[in-house]
Structure formats: C-alpha cells, structure tokens
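Undergrad: The structure follows.
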Ligand SMILES: [Zn+2]
C-alpha cells in the first residue's frame, strides 16, 4: 500500500504539472501531502490511464495575478520631492539595502553627478524603490498607489516610473480621457476601450524601463488619487473586459468628436491595414457638442514653419485639399508658397498646426492667417467620445456603444 501511495503521489504530481501549469507550487504541495479520500481511491486502481482523467473536483484555480503596467511619470529630472501619506518601504532593486518610514512625510529624491541616485538616505547606481504600504505617494500634485521606481538617467538625472496594476492605472486614466460627469455607460465604454488599448500597447514595448507614457503619447494618466463615483463604477463594473477581433486585441482608437461619421484607420495611418472594427461608422449622436462644428484661424507663421519642416520654404499662398475620404475627411493637403508646392498628410498638418480635425469644409488664406472651418475634433478613428455620450443619454448601454463604434468586435473577459 505504501508503494502504491508513493507511486500515486508521483504520478498525480506529474498529472498536475502537465495539465495545470498555472497552479502555483503551494497548491501542488497541499494537493500532494493531503490527498482527499476520493483521490486515494483513484490511486489504488494503479492504472496509468487514470492520469488522463480529470478529477471530479478540479484543482481550485488560484486568483490570477493582476497585470502590472510600468508608467513613465518623468524622465531627466534633477530631483523630486515625494510625499507619502503613511508608511513606505525604501529599498534597492536587489533588496540588499532597505529601510522604512512609518509616518507620513516627504522623501527627497535626486540624481548625483557620479551616476548614482539618492532616495532619502539610500544611495545606489541601481533602481531604488519607494513602496507605499496602505498609503499613497504624491508627486507633482497627483497621488499614486503603485510603487515608484527611481532610476538613474543620463547626466546625473533620474527617471520616475510607477509600477501599478492595470485596473488601478485605468482609474487614473479615465477622468483625463473622458469627463467624469458623463453617463456611466459612456464611461464604461471608455474603460473597455482604454483597457484594450493599454494591453495592445504592451504587446510591442521596446523600452526596457517602462511600458507607457503618462501623456498623449500613450493615454493621459495622473494617478488615481482623485476619486469619481462614476469612474470607479465604470472601471470596476467592466473589470477585465476587453475588445477583440478574430480572437486578438486591436488598437481601440478613440477621439473627441467625429463630426458625423468615423473613418477607416487606413485613411489616417496609411501603412495600417484596415480591419472591420476600425473601418468606420456613422454617428448621429455627437451634434450636441461644440466640437461638432468649428472654425479657427491659424497664424501664417505657424503654417510656414510646418512647411519649412517638410522642406518647403517661402511665403504661404494657399492650402488646398487634394484627397479626402468619403465622409469628407481630408487625407492630403497641398501647400503652395512663393517657392513651390508640397503635398502633405493632413494628420501631420493637424498635429503641427493645432486644427481640430481634418474634416475641413473651408479654407480661406489671407494676410491675417489661414481660416479653417470644419467638423469634429481628433483623428476620427474608432470610438467618437461625444457620440458615446450621446448614445448613453439615449439609453444605449456600453456594449451597444462599443458595438456601434467598433463593429464586428467581441467583448471578452480576460481576468
Ligand atoms: Zn461622432
């Protein structure tokens, strides 16, 4: 009996290892040392085929660890002062030097000329961590619940990166990407879009020190210290939900206002292949916003500066739309100056000059500047946020909103 028992333990362990790699070792140990009576019964069969059988009670799935994202808060800082609301632990990455501060206070952090960094009383040339323990860290008037990694950067300066769970990160993104006063169903649609966008971005991280910027290069993030009930609900009630297309995440682009219809992603990112969820949708829900129709004047000097940056010198004479999508969004503009002409992508021109969108309906060039009239705000791809707001106000739920702006996508639960 003893031999059989040992054999069972060995084979059962093998079965667990081969069939459930996600089971952590602690769970394995418990299963082996304390088999249930039912498991002992199976063992005495002494038949290798039983190993193929799924146990009546499958091993309990451990809670999945939350995805951690690394957000760059600042780079090339000479020094910083980090407030903490309670206890913090400070330690080097290898854990060899450490100390704790039990009370609220402020820790000074600075880069040293010899390439080391100093955090409080610790000095080292490897990252130093500041871990809040049931407290939060405040830097630059924003508060954070993740752990700060202070890293040395070039020229005796430092870099500040927060390691924070994906869900906590989203609590600090949502209020800056959509107004917290909007209906919760619109905020839930935004939460799913932001979660999907974040996870898709993580698939192709080239930087070893951080995954995401805290500004528009990724998504605007200012810590999760400011709490808004609707935002909290929106993130928590969609926890772990993402959009996929053909089983894969995709970049769930979003923008402020589409001006009546969104466009195909390939019209904006010329090298990006179109997929159904990013192929465009009509939008009857965004006309309440002041971004729906706009006009603005851009100084000649600003346009001429952009023209020079693409190799066209001279005084601006005219701007002409030479190609547009079937929703009326310009894809290419031709700039003409006293020295010649150049055709440029409208997306780049928009970012350089600050015009609201490329859905331009009129351009008047005069000595005072260039007057643009147009519709919408932003690139016009994916979800129209004003439209999401409009749909939510008409009692559409977040699933309907996402389906409308990302047609053909599937809502999936990933954790
Ligand atoms: Zn719209």
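Values in this text are rule-based calculations from the coordinates and carry no lab data. All values reported here derive from a predicted model rather than from experimental measurement. In this analysis, Cβ positions are derived from the backbone assuming ideal geometry, glycine residues included, and neighbour counts consider all displayed protein chains.
Undergrad: Using all C-alpha to C-alpha distances in region 293-375, build P(r) with 10 Å bins and read off the rounded percent in each one.
TA: 20, 59, 20, 1
Undergrad: Now a separate question. Give me the log10 of I(q) over I(0) for region 68-165 at q = 0.17, 0.22, 0.24 Å⁻¹, as the Debye formula computes it from C-alpha points; what are the numbers?
TA: For region 68-165, the Cα-only Debye profile gives -0.65, -1.13, -1.34.
Undergrad: Can you give the extra length, in nm with one decimal, that the chain gains between residue 133 and residue 368 once fully stretched, where that is 0.36 nm per residue apart less the Cα-Cα distance?
TA: Fully extending the segment from residue 133 to residue 368 adds 78.8 nm.
Undergrad: What distance in nm lies between label points placed 7 Å from Cα along the C-beta direction at residue 126 and residue 209?
TA: 1.7
Undergrad: Label points 7 Å out from Cα along the Cβ direction at residue 83 and residue 226: separation in nm?
TA: A separation of 1.5 nm, rounded to one decimal place.
Undergrad: At what distance in nm do the modelled label points of residue 300 and residue 248 sit from each other, each positioned 7 Å from its Cα along Cα→Cβ?
TA: Reported label-point gap for residue 300 and residue 248 is 4.9 nm.
Undergrad: Take 383, 159 and order them by how many other Cβ atoms sit within 10 Å, fewest up front.
TA: By the 10 Å Cβ count, ascending: 159, 383.
Undergrad: Just subtract the alpha-carbon distance of residue 272 and residue 320 from 0.36 nm times their residue separation and send over the number in nm, one decimal.
TA: 14.8 nm
Undergrad: Separate question: Expressed in nm to one decimal, what extension gain is obtained for the pair residue 202 and residue 410 from 0.36 nm per residue of sequence separation less their Cα-Cα distance?
TA: Gain in length upon complete extension: 72.9 nm.
Undergrad: Among 130, 90, which comes first, second and so on when ranked by fewest other beta-carbon atoms within 10 Å?
TA: 90, 130
Undergrad: Give the distance, in whole Å, between the Cα centre of region 100-160 and the Cα centre of region 361-415.
TA: Using only Cα atoms to place each centre, the spacing works out to 40 Å.
Undergrad: Which order results if 94, 386, 211 are arranged by neighbouring Cβ count within 10 Å, fewest first?
TA: The most exposed by this proxy come first: 94, 211, 386.
Undergrad: Right, here's the next one. Once R0 is set to 56 Å, what does the formula 1/(1 + (r/R0)^6) return for the Cβ-Cβ distance between residue 399 and residue 338, expressed as a FRET efficiency to the nearest 0.05?
TA: With R0 = 56 Å, the Cβ-Cβ based efficiency is 0.55.
Undergrad: Rounded, prolate or oblate: pick one for region 182-245, where a ≥ b ≥ c are the square roots of the eigenvalues of its C-alpha gyration tensor, a/c under 1.5 means rounded, and failing that, prolate if a/b is larger than b/c, else oblate.
TA: oblate
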